[in-house]
Structures are given as structure tokens and as C-alpha cells.
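Below: one structure, written as C-alpha cells.
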Amino acid sequence: MIAWPDPNVSGGDTSVLSPKDKENRELSDQRVLGGGGFVGAVLQESERLLEKKYKPKRPIEELIEVVAEQLDISPELICSGSRKRLISDARALLAYLAVEETGHKATDVARVLGIKRVSVHHAVKKGKKVLENLLSPL
């Protein structure tokens, strides 16, 4: 008589991958990735990132107009090299919205603003804080 190995010791429980019962089937084998909840969360995040990457984007020029209108400044000032606080904050807010919210590449934003790509990444961090300050109650 052949003694089959215990599935929980040597090969694991493959019943979670069985296509027979789709309602109770896990998204992964727990031995590799953990529970189905973790895998589901990873899949959701992946889908969100893909959607952001491939959905139609608002043009950067349109975002400049929106930010300028909201902060009551001229759109030309956002693209200027001005270091005044309001203008710098507007540029940072634009960088955040363009890169993080609409999925533009930092190089494209840098080209429009006339700054280096690494400066766009710094502006994105600052822009997140600027947005939080604008949205927080006084």
C-alpha cells in the first residue's frame, strides 16, 4: 500500500485552487502569497494604477488654467521662474495634480514648467502638502 504524503506538510492544500467551487476558492495559494485578502488588495491597487496610467488625461495646460483660477493668479506666472510663495505653491500644486492625480510623466510636466524632472518630484511632495493645507479647515 502506498502512503500518500500529508497535503498540509509536503505539498500544501491544493483544494483552495480547485476550480470546482468558485465562491469559496482563494485568489492564491497561502503558502506563497498569504491569504486571498492580501492578493485581492494587491490586485485592486494594480488595477487602480493601470487605470490611472491609461485613462484619458486632462492636458497639463488645462490643469494650469484650473490651478491659476483657483488661486486667483495668472496662468503665465505658474510657468514663470518666480520664487514667490504663492507662485511656488501653485507650481507645486500643479505638479502634484498632474503627476499623482492625472498620471502625467514628470518629464512632461518639467518640459511645460521649464524645470528639471527632479524638481517636479520635489514639487509633487510639496504640492501634496499645499493641497492638504488648502482643504483643511482653518
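Bear in mind that the values in this text are calculations on the coordinates, not laboratory data. Quick caveat, the model's predicted, so the values are computed rather than measured. We place every Cβ from the backbone using ideal geometry, glycine too, and count neighbours over all the protein chains shown.
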q = 0.14, 0.18, 0.22 Å⁻¹, the stretch 60-135: log10 I(q)/I(0) [Debye, one scatterer per Cα]: -0.34, -0.58, -0.91
Under the Karplus curve 6.51 cos²θ - 1.76 cosθ + 1.60, θ = phi - 60°, whole-Hz ³J(HN,Hα) for the stretch 105-115, x wherever Gly or Pro sits: 6, 4, 5, 5, 5, 4, 4, 5, 7, x, 10
In nm, spacing of pseudo-spin labels at E65 and H122 (7 Å Cα→C-beta vector): 3.1 nm
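Which entries of K105/K126; K84/K129; K55/K129; K105/K125; K55/K128; K57/K126 show an alpha-carbon separation above 19 angstrom in the structure shown? Display every interim value, and only then the final one.
Details: K105/K126 17 Å; K84/K129 17 Å; K55/K129 25 Å; K105/K125 15 Å; K55/K128 22 Å; K57/K126 22 Å.
Correct reply: K55/K129; K55/K128; K57/K126.
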